[in-house]
Amino acid sequence: MKRKQVSMVLVLLLSFGLLFAAGSKEAAQVTTGAKIGTAANPAKVTYMCKDADPITDGEQLGMLVKAIEEGMAKEGNYVDLEILSAPTGSYATVVPIAFRTGQITPDLIYFQGNDQPIAQEGLLENLVPYVEKSKNIKAIMPDHTKAAMANYPYLMWLAPARVQIPVMRADWFGKLKSGKALLADPTVDNYYALLKEIKDSGMAKWPVTTDGGILKLDSIFNHAFGVTATIVKQNGTWVYSEVTPAAKNKLAFYAKLFKDGLLDNEYVTKQWDTMEQSFYEGQSALVAGTTGDVVNVYNNKMKETQGVELVVLPPAKGVSQAYQSVDVTKESRGFAINADSKVKDAAWAVLEFMAGKEGRKLDKLGLEGIHYNIENGKYVLTKQFPSWWAKFWPTMNGLDLSEVVGEVLSKPAIESLDAAAKYFAADTNVLLPEDLLPLKDAMDKLYREYSTDIIRGVRPISDFDGFVTKWNAAGGTKISAYLATVL
C-alpha cells in the first residue's frame, strides 16, 4: 500500500512539472518580475481571510499591514494593502456565494471550501504561471502542495499536510494504566480501553469530543477500519468509501463509543469554540487538532489554563495505520487570486513577499514590540507571542530559527508535525464536473444524516444498507459511471 501511495505522489509531481511546462505560454503574460507601483502611486490590493478581521483584530492587523507595505517598499514594490471583513455567517459557505454573485470582489481571497464551482466558471486565476516565475514561494512549497496544484492550480496553501492529530493532557495520560499499552500497540481495542478508563475514573465527563462532525474521529480511526481512500474499487465498481463495509464497521464502533458515554453525547451541537472550551476546562479529555499551529495553540492554552502540556497520540492501528489520508486532488483551503482583478501581479507580489525571509518573520513571529523584541540581532519572543498566528502561510519553511530566541512551536506541536510525516498517507479524489456536484452534495448530506443517526442510536447499524440504496439513487450510481470513465 505504501509503495502505491508513493507512486501516486510521484506521478502527481511529474504531472506538476508537465503542467508548469504547459503553462509556460500563459506565463508570458505574467510579469511577476516587474516592480509593483510607485511610492506616490502604490497598487491597491484588497485581501480577505477567515482569520484576519479588521473589526476584531484592527490594531494589530493595521500594524501588520504597515510592516508588509514597508517591507515590500524596501524591495521596490509599492502596495496599498487593505484587509476586508468577511460577510456574516459561516465563512466556508457565505464567502464563495458572495464572491460568485459579485457582492465581494477582493483581489486576494482565502477559501475554505466551495471554491471549485467558482474556478470552473473561470472566476479564479490559474496560479501555475506565477509559481513558475516565483522565487520565494517555489522555495518553501511542500511536495503535497505541488501535487495538489498539478490537479487544481487555482488554490494554494503553503502549510504542512492538513491532518487532525489526537492530543490530551500529559498529566492525565500519565495516570492512565492503558496509556502505555496504547503507545506500544495503538489498536482500536486499546483506544477503547483508554477512553473507558478515562470515563470509569471520573477524569472527564467525556473521554473524547469533536466539533459537530466526525472528521476528527476519522483521523484517528479511518485507516484502522480500512477506510484508506476517498474512492475505492468494490466488486469491480468505483465507489466512495462512505458506502463500503469498512465505513459501516467504523460507524458501528462510533455508535458503541456514544452508547457507552465515551464520545461526547453533545458533539453534534458543539462548534469549534465550545469543543475547545470543554477541552481546556477538563470536561473532555481528548480532541484532535490540526498538526502544527493548531496543536500549538491547544498546547499553549492548556498551559495557560491548567499549567500542563499535551501529549500527541498515534492513529489507531488495524487494517492500516495512518491519520486521515491527505487528499492531493486539490487543496481544501488556501489563497486564490480574483480572475477579474486589475492588480493580479501586485496581489501575487504580496503572497511572494510573505514567503520570503522578511515575510516569514512577520507571518510567524508577529509584531516587533508585542510578540518579539530585537536584542543583539536576535528575535527574542515575548510572553505575548503565543497569541499570534500566521495570517498567510502556516509553515515553518523559510523561517531561520537560528535568529530566534524562544519557542516558535511547542514540543507537542513539533511532535505533531513529526507524527503527521511518520503516519502520512496520500489520497486522490476526482474533481467532478459541475453538473454532478449537486448530486454529490445530496449524497454527502445523506451520509451526514445517516451517520449521525447511527452514531447517536436513533437508527440501528442495520439501516446502513438502506442508506447505501438511497445514496446510489441520489447520485451514487450515476457518479460511479462517470468515475469509470476517468479512473
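Laboratory data are not the source of any read-out in this text; all were calculated from the coordinates shown. All of these numbers come straight from a predicted model, not from anything done at the bench. Because the Cβ atoms are built from the backbone with ideal geometry, glycine has one as well, and the counts that use them run over all protein chains shown.
Summary of values
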{"quantity": "Label corresponding to Rg/Rh (Cα atoms, Kirkwood Rh) when calculated from the structure given, among (1) 0.97; (2) 1.01; (3) 1.09", "calculated": "(1)"}
{"quantity": "Cβ-Cβ FRET estimate between Glu449 and Ile97, R0 fixed at 30 Å, reported to 0.05", "calculated": "0.85"}
{"quantity": "Under 5 Å, built H, 5+ apart or other chain: amide partners of Lys270", "calculated": "Gly212"}
{"quantity": "Within the chain: Cβ-based charge dipole about Cα centre, in debye rounded to nearest 20 (Lys, Arg +1; Asp, Glu -1)", "calculated": "1240"}
{"quantity": "Approximate spin-label separation Lys342-Glu375, in nm, with each point projected 7 Å along Cα-to-Cβ", "calculated": "4.9"}
{"quantity": "Cross-link reach list, aspartates and glutamates versus Lys256, counting only Cα pairs under 14 Å and skipping chain neighbours closer than eight places", "calculated": "Asp189, Asp264, Asp453"}
{"quantity": "For the stretch 357-487: relative contact order, % (alpha-carbon pairs under 8 angstrom, 6 or more apart)", "calculated": "17"}
{"quantity": "Filter on Lys205/Lys317; Lys303/Lys383; Lys259/Lys317; Lys216/Lys478; Lys180/Lys317; Lys440/Lys478 - keep pairs with C-alpha separation over 18 Å", "calculated": "Lys205/Lys317; Lys259/Lys317; Lys216/Lys478"}
{"quantity": "Neighbour-limited loop hits for trypsin sites (Lys or Arg not before Pro), the stretch 91-148 (at most 15 other Cβ within 10 Å; DSSP other than H, G, I, E, B)", "calculated": "Lys135"}
{"quantity": "Signed unit charges on C-beta, dipole axis of the chain, positive-most listed residue Leu124, Val486, Leu432", "calculated": "Val486"}
{"quantity": "Gyration tensor verdict on the stretch 298-438 (Cα atoms; rounded if a/c is under 1.5, prolate if a/b is larger than b/c, oblate otherwise)", "calculated": "oblate"}
{"quantity": "Length released on extending from Lys357 to Ser85, taking residue separation times 0.36 nm less the Cα-Cα span", "calculated": "95.2 nm"}
